[in-house]
Amino acid sequence: MIAPQRNAFQQAAYLIGMYGQYLKIYFKTLVEYRADTLIAVIAGIVAQGSTLVFLSVIFQRIPKLADWSFYELVFLFGLAATGKALNQTLFNAPFSLTGYIRRGQLDIMMIRPVGVLFQAIGNSQELNGVGQLITGAVIMGYAGAHLNMHWSVGTVLYVIIALISSAVIQFAVLLTISVLTFWVQEIRSVIYPVNWLYDFTRYPLEIFHPLLRGLLTYLIPYAVGSFFPAAFLLRPGEYGWAMWGVPAVAAVMISITYCIWSFGLKRYSSVAG
């Protein structure tokens, strides 16, 4: 099939419309499998709620943790959890790549007139992220209310940009690793531990060893998409660079990752070969 010729604007509109169709199918799945959706929401509430209980127990004994108050810590946790849930809900493709290759589905994707990566993203929404997405947003609002945060239009816009940047950074890190599956038969033993590293960024970086802080800031920059934007919203005078630095890092990372993806895809050998 020969793809129709479109200019950049038409192509962008076409892809947005197509992704809208993927989301439409996803939402229909949520409605169709009501029990699974309800279980996912409850699981998200339980998972996030258990962490809040843990933090409450800690702060019954200490007034602050690395100079961060209880509600500041709850806000840090809420933003990081929401960013993780957004990535899991909409950008779960890195975990599906191995399956696409083994089932021969990637071969089918390659002959369609739409990018393979776009199809992989559209086909990989994760039901379990819904509950955590809802509860993470509620936790942010709860903490913000106790911190008397001023929710201006600019603040809300930055939160949206920060959450999208967080999801993109996580996606870029995990996709870079999953691309290795073009050469290595099994990569999930690496991708899952790297994914779990994100959980460290739900807490102030100051409580961790300098090596771990450096790892999560520069090599696997999860903290750039979670801790630092939350810290900027709470303490803009100390973390002013995060206003522009967070989306900039996300843009650079996804650009580099896409180049790596394109390189790996060109060297992909069909499962039938």
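The values are calculated or read from the model by the stated rules, or taken from the named source; none is laboratory data. On a predicted model such as this, the values are computed, not experimentally measured, just so you know. No Cβ is skipped: glycine too gets one built from the backbone with ideal geometry, and neighbour counts run over all protein chains shown. These area figures cover heavy atoms from the full protein model, side chains too; ligands, DNA and RNA do not enter into them. Shrake-Rupley method; radii C 1.70, N 1.55, O 1.52, S 1.80 Å.
Laid out as a table, the results:
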{"quantity": "Search result, residues across the range 46-82 that are of a type in the set (Phe, Trp, Tyr) and surrounded by fewer than 12 Cβ atoms within 10 Å (Cβ to Cβ)", "calculated": "54"}
{"quantity": "Single match in 43, 85 (criterion: of a type in the set (Gly, Ala, Ser), crowded, with 16+ Cβ neighbours inside 10 Å and either part of a helix (DSSP H, G or I) or modelled with pLDDT of 90 or more (or both))", "calculated": "85"}
{"quantity": "Tally of residues being part of a helix (DSSP H, G or I) and within 15 Å of residue 84 (Cα to Cα) across the range 199-233", "calculated": "13"}
{"quantity": "Residue list for the range 178-193, filter: assigned to a helix (DSSP H, G or I), of a type in the set (Phe, Trp, Tyr) and open to solvent by 60 Å² or more (accessible area, probe 1.4 Å)", "calculated": "192"}
{"quantity": "Scope the range 134-148; condition of a type in the set (A, V, I, L, M) and at pLDDT below 85; matching residues", "calculated": "134"}
{"quantity": "Residue satisfying all of: in the range 1-15; more than 18 Å from residue 116 (Cβ to Cβ) and exposed (fewer than 10 other Cβ atoms within 10 Å of the Cβ); modelled with the highest pLDDT among these", "calculated": "9"}
{"quantity": "Residues (within 19 Å of the chain's Cα centre (by Cα) and in a helix (DSSP H, G or I)) located in the range 114-134", "calculated": "117, 118, 119, 120, 121, 122, 129, 130, 131, 132, 133, 134"}
{"quantity": "Cβ pairs under 9 Å, 6+ apart, first in the range 43-71 and under 22 Å from residue 148 (Cα atoms), second basic (Lys, Arg)", "calculated": "70/64"}
{"quantity": "Check on residue 116, farther than 21 Å from residue 225 by Cα and out of contact with any His (no Cβ under 7 Å at 6 or more places or on another chain)", "calculated": "yes"}
{"quantity": "Members of the range 151-179 found to be modelled with pLDDT under 90 and either closer than 14 Å to residue 97 by Cα or charged (D, E, K, R) (or both), listed by number", "calculated": "none"}
{"quantity": "Which listed residue, of 151, 196, is of a type in the set (Phe, Trp, Tyr), open to solvent by 60 Å² or more (accessible area, probe 1.4 Å) and assigned to a loop (DSSP other than H, G, I, E, B)", "calculated": "151"}
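Residue by residue, here is whether (1) in a helix (DSSP H, G or I); (2) under 14 Å from the mean Cα position of the chain (by Cα) holds:
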position	(1), (2)
112	no, no
136	yes, yes
141	yes, no
158	yes, no
162	yes, yes
166	yes, yes
171	yes, yes
175	yes, yes
